[in-house]
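Structure first, commentary second.
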Amino acid sequence: MSEPILTSGDLLARFQALDSFLIAHQALWRPRPFHYLQLPWEAELPELAAWLRERPLEQADVSNAELWQLAAPAPFPALAHQAQRLAALGEMPATPATQRPGAFGVDVPGRKLAQIQAFASHLAFARRPRHWLDWCSGKGHLGRWLTGQDQHLTCLEHDPALIESGQTLSRRLGLDAQHIRQDVLAADSAERLQAGHTAVALHACGDLHVHLLRLASHNGCAQLAVAPCCYNRITGLHYQPLSTVAHTSRLQLSRDDLSLPLSETVTAGARVRRQRDRSMAWRLAFDLLQRQLRGLDEYLPTPSLPSDWFDKPFASFCHDLAALRAVPTPGRQDWQALEASGWQRLAAVRNLELLRKLFRRPLELWLLLDRALYLHEQGYSVKLGTFCDYQVSPRNLLLLAERP
């Protein structure tokens, strides 16, 4: 039996259940294994901790289906069952597939085109939109795919090069489209949203899509379709809830907490995965080294590094990173043993993260429900469901809102 989508009458009960679940188990999902030699919860759950730590790195990359069924010691199976039940969400009803000539797919990467097509095929509004507004549009690929006969399109984008390319493509296809340069976070962005607009945003990050929800509801936009992404890309250090019920929650989320739903990739190739693993193993080895050199048993954050840093010999990497972070010069070390320790830590970290991953989808749905409840409070009829397969995009949750 397929899971149902959520509609206005279902939102509050699901939010409250997720809220209770996340609060009750925050000691398990807040600490990031990458930052600890020993996680705070390991002393309370020694059997589970030992089981996870004994698993090799190759067993850490489990699919979502495997994660829910993992035969780990208690309380993992019970938590997995509860998390899966609370995060269950059905596919949004499909609409007749939009047929477009091949020219509409020009310059669109294959996976992005699949996401656009899936998004477009699940926009089940009660009234046919008359004027699409593509928020953070890039070249406007989504807006063009949606725009049909007797429909208008406005694309808002900040990058002049993308605007020029998008306008050229729209003109070539004979569409009634305006590509406008606009910082969507600026105060004058409110002037771009009108009651007759159907605003769409596919994978607009953090503050970008939240600002759209606020402005669109304030200006009376008739329809909204948003698939959020990157909840951690906010200006503040902590999450600012939108809905009344989320404001009363005891769940206070840091920017670091907000990165949990994004802590996976399903699209990376083998080479990218190898590069990622080496980056993490070397950083974990350096973490052991810096604790020793500083005489301080605590994690030291390191910045994002160019990929060529990981083409150096491991010893050079450590010397350069120590200089960058003002750590005492490493001197002579057993570099082979230290690097091996980094890889051992990586295996432990990635397997310990399996427990944290159980809370990834529940937290993402909590955030989406906060947005949905906010729109419901603004007078919208709201639907929440998925719009594509997880392999097409892990960020596959779609929020539809329409004012009567």
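What does the accessible area per residue of the range 340-404 come to in Å², with a 1.4 Å probe and no ligands, DNA or RNA counted? Kindly include the intermediate steps, with their values, before the conclusion.
On the way: 1630 Å² over 65 residues.
The answer is 25 Å² per residue.
For the range 252-404, count all C-alpha to C-alpha pairs, find those more than 29 Å apart, and express that count as a whole percent of the total. Intermediate values should be presented prior to the final figure.
On the way: 4377 of 11628 pairs.
When all Cα pairs of the range 252-404 are counted, 38 percent exceed 29 Å.
Among 307-314, 198-205, how do they line up by average Cβ neighbours within 10 Å per residue, starting with the highest? Show your work: numbers first, answer last.
On the way: 307-314: 12.5, 198-205: 23.4.
Highest mean packing first, the order is 198-205, 307-314.
With charges set only on the Cβ (+1 for Lys and Arg, -1 for Asp and Glu), what does the dipole of the chain come to about its Cα centre, in debye to the nearest 20?
Working: 43 positive and 40 negative charges, 88 e Å.
For the chain, the charge dipole is close to 420 debye.
Per DSSP H run of n ≥ 4, the term is -39500 (n - 2.57); total these for the chain, divide by its residue number, and report the mean residue ellipticity at 222 nm rounded to 500 deg cm²/dmol.
-13000 deg cm²/dmol
Taking the Kirkwood radius as the inverse of the mean 1/r across Cα pairs, report the Rg/Rh of the range 359-398. Please report the intermediate quantities before stating the final value.
Values: Rg = 11.3 Å, Rh = 11.0 Å.
Looking at the range 359-398, the ratio lands at 1.03.
Please pull out the direction-averaged projected area of the range 42-156, using the convex hull of its alpha-carbon atoms, in nm² to one decimal place. Could the numbers behind the result be given before it?
Numbers: hull surface 46.0 nm².
Mean shadow area of the hull around the Cα atoms is 11.5 nm².
Above 22 angstrom, tally the Cα pairs of the range 1-97 and express them as a % of all pairs, no decimals. Show your work: numbers first, answer last.
Values: 2037 of 4656 pairs.
So the portion of pairs separated by more than 22 Å is 44 percent.
Once each part is reduced to its C-alpha centroid, what is the distance from the range 58-99 to the range 249-302 in angstrom?
23
Ordered by residue, what ³J(HN,Hα) values in Hz, to whole numbers, does the range 35-41 give under the Karplus form 6.51 cos²θ - 1.76 cosθ + 1.60, where θ = phi - 60° and Gly and Pro are x?
8, 10, 7, 9, 6, x, 7
So what are the three principal axis dimensions of the range 320-393 from its Cα atoms, in whole Å, longest to shortest?
Per principal axis, max minus min of the Cα coordinates gives 66, 27, 22 Å.
Starting from the amide H of Gln178, placed 1.01 Å from N in the peptide plane, find each other amide H under 5 Å away whose residue is 5 or more places distant or on another chain.
Leu153, Thr154, Cys155
Amide H of Leu253: which non-local residues (sequence gap of 5 or more, or other chain) have their own amide H closer than 5 Å, using H built in the peptide plane?
It is Tyr239, by chain and number.
Excluding the sites themselves, what is the longest stretch of the chain that contains no trypsin sites (Lys or Arg not before Pro) in a DSSP loop with at most 15 other C-beta atoms within 10 Å? If you can, show how the numbers build up before the last one.
Working: sites that count: Arg127, Arg130, Arg250, Arg325, Arg332.
Longest stretch, sites excluded: 1-126.
Test of understanding: express the Cα radius of gyration of the range 17-60 as a ratio to 2.2 N^0.38 Å, with N the residue count. Write out the running numbers ahead of the final one.
Values: Rg = 12.3 Å, N = 44, 2.2 N^0.38 = 9.3 Å.
Computed over Cα atoms of the range 17-60, the ratio equals 1.33.
Give the span of the chain's Cα atoms along each principal axis, as three whole-Å numbers ordered largest to smallest.
Reported extents, whole Å, longest axis first: 71, 45, 37.
Under 5 Å between amide hydrogens, which residues at least 5 positions from His122 or on another chain qualify, with H placed 1.01 Å from N in the peptide plane?
Result for His122 returns Thr95.
Carbon and sulfur atoms: what percent of the 1.4 Å accessible area of the range 21-81 do they account for?
Of the solvent-accessible surface of the range 21-81, carbon and sulfur hold 56 percent.
Over the range 1-133, give the accessible area per residue in Å² for a 1.4 Å probe, as an integer.
Values: 7170 Å² over 133 residues.
Accessible surface, normalised per residue, equals 54 Å².
The values are calculated or read from the model by the stated rules, or taken from the named source; none is laboratory data. Note that the structure is a prediction, hence the values are computed from the model and not measured. Every residue, glycine as well, gets a Cβ built from its backbone with ideal geometry; the counts of neighbours run over all protein chains shown. In case anyone asks, the SASA skips ligands and DNA or RNA and just uses the protein heavy atoms, side chains included. Shrake-Rupley method; radii C 1.70, N 1.55, O 1.52, S 1.80 Å.
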